[in-house]
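Read through the structure below, which is laid out as structure tokens, and then see the notes.
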Amino acid sequence: MVAGIASESAATEVNLSGAGFIDVLLVSEHGRLIIVECKLWRNPQARREVVGQILDYARELARYGYDDLQRVISSRVGRRGNVLYDLAREAGSTMSEADFGDRVSRDLAAGRFLLLIAGDGITEGTQRIGEYLGAQAGLAFDFGLIEIAEYRFVDPDTGAERRIVQPRLLARTVTIDRFVIRNEAPGTVVETIAETAAPRTRSSSGSSGSASGTFAAWNTFRDAFIAGVRFDDPGQMPPRNGGNNWMRLPLPGTVGVTLYRSTTSGNIGAFLRFIDADGMAVLDELLADRDAIEAEFAEAGLTGLQWRTEGEEKVLSITTPSPAPWDAAREEEQREWLGRAANQFVNSLRPRLSRISA
């Protein structure tokens with residue numbers, strides 16, 4: 001029984017190519033797929049990594065079709081036939097086989113899963129978990145934390161050591177708001193960071209032929225940057241890929257830092273945009289500390305922080321020139337500078353944005 005839902009274990013240690021092994025995969029009587037990750041929750045670094053890990057599982061699973069998932073489960077448990085449906089029936093499902101298959105297929109396509117992290121002492125840090133989850137707008141998952149308490153005692157009758165493991169609900173709960181935006185109309189215009197001097201252009205499907213040639217180089221640069229970037233704040237979530245030539249670094253509230261590089265302008269940089277009344281209210285609060293923020297960046301060796309206006313929007317940005325061609329040594333310099341900029345945005349803005357959000 002998980003969160004009031006009758007469920008049956010589909011498999012343990014389920015191998016998802018490219019993402020790793022899911023600790024436990026469950027299926028509910030209603031065809032809901034449940035991913036359970038079991039971890040010790042001892043430090044902020046572990047918290048960040050386990051949340052990122054279970055989201056990687058969800059993204060990878062969302063690429064599967066029903067037949068793909070069926071094949072993986074059948075291989076893992078050594079059973080043939082419609083294994084998922086059989087397990088759901090064992091959990092008490094009254095759905096028809098066709099309805100069950102349709103439900104699982106729709107959920108796979110939408111990334112609609114229940115993600116659960118089970119561990120010890122996980123009551124802390126839910127706000128920062130919320131920041132990270134809020135940046136995952138491509139999946140329609142639900143997320144939950146299960147705290148596992150362990151008690152040991154000596155049986156007075158036998159003298160043997162006994163252990164009780166108790167999953168429990170938290171005394172205080174925190175609601176994490178997430179928004180999933182879907183636009184299924186053909187020819188959707190997508191805002192991205194393209195190859196322009198100012199990272200603010202719009203490109204539609206099929207219109208970015210020149211950008212396609214930079215994907216491989218960007219992917220290599222991005223992966224090396226994410227693997228190597230370090231933050232003074234141990235609980236800061238790592239940046240996530242946003243598109244060709246840009247990444248998104250989550251911060252408290254509704255803002256996030258965009259990290260980018262442009263071959264056209266020969267610049268790399270980082271910026272925040274403040275949009276609508278709520279964004280302007282946040283900016284006003286930050287402007288009250290403008291001198292202190294600029295001094296903090298300067299102390300980190302980062303000069304040229306700009307507070308500028310672009311149409312109806314306000315932008316806080318910092319850039320540095322890095323003209324092409326980009327060899328290995330130049331890219332290492334780019335990663336070093338971009339890492340320092342990202343770290344300073346976290347150091348200067350996270351505590352202020354946390355207070356503003358509160």
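Here are the numbers for this structure:
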item: Segment 72-112, residues that are farther than 17 Å from ILE35 by Cα and among the charged types (D, E, K, R); result: ARG79, ARG80, ASP86, ARG89, GLU90, GLU97, ASP99, ASP102
item: Flag for SER317 being touching a residue at least 24 places away in the same chain (Cβ under 8 Å) and under 26 Å from the mean Cα position of the chain (by Cα); result: yes
item: Strands (runs of 3 or more DSSP E) completely within segment 174-283 that count 1 or more residues being modelled with pLDDT of 85 or more, of a type in the set (A, V, I, L, M, F, W, C) and within 24 Å of ASN347 (Cβ to Cβ); result: 246-250, 256-262, 267-274
item: Helices (runs of 4 or more DSSP H) contained entirely in segment 27-118, each with at least 3 residues that are closer than 28 Å to ILE226 by Cβ and of a type in the set (Gly, Ala, Ser); result: 44-61
item: GLU296 vs. criteria touching a residue at least 12 places away in the same chain (Cβ under 8 Å), closer than 23 Å to ARG340 by Cα and in a helix (DSSP H, G or I); result: yes
item: Criterion: of a type in the set (Val, Ile, Thr) and exposed (fewer than 11 other Cβ atoms within 10 Å of the Cβ) - qualifying residue of THR320, THR309; result: THR309
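The values are calculated or read from the model by the stated rules, or taken from the named source; none is laboratory data. Computed from a prediction, not measured in an experiment: that's the story for all the values here. Because the Cβ atoms are built from the backbone with ideal geometry, glycine has one as well, and the counts that use them run over all protein chains shown.
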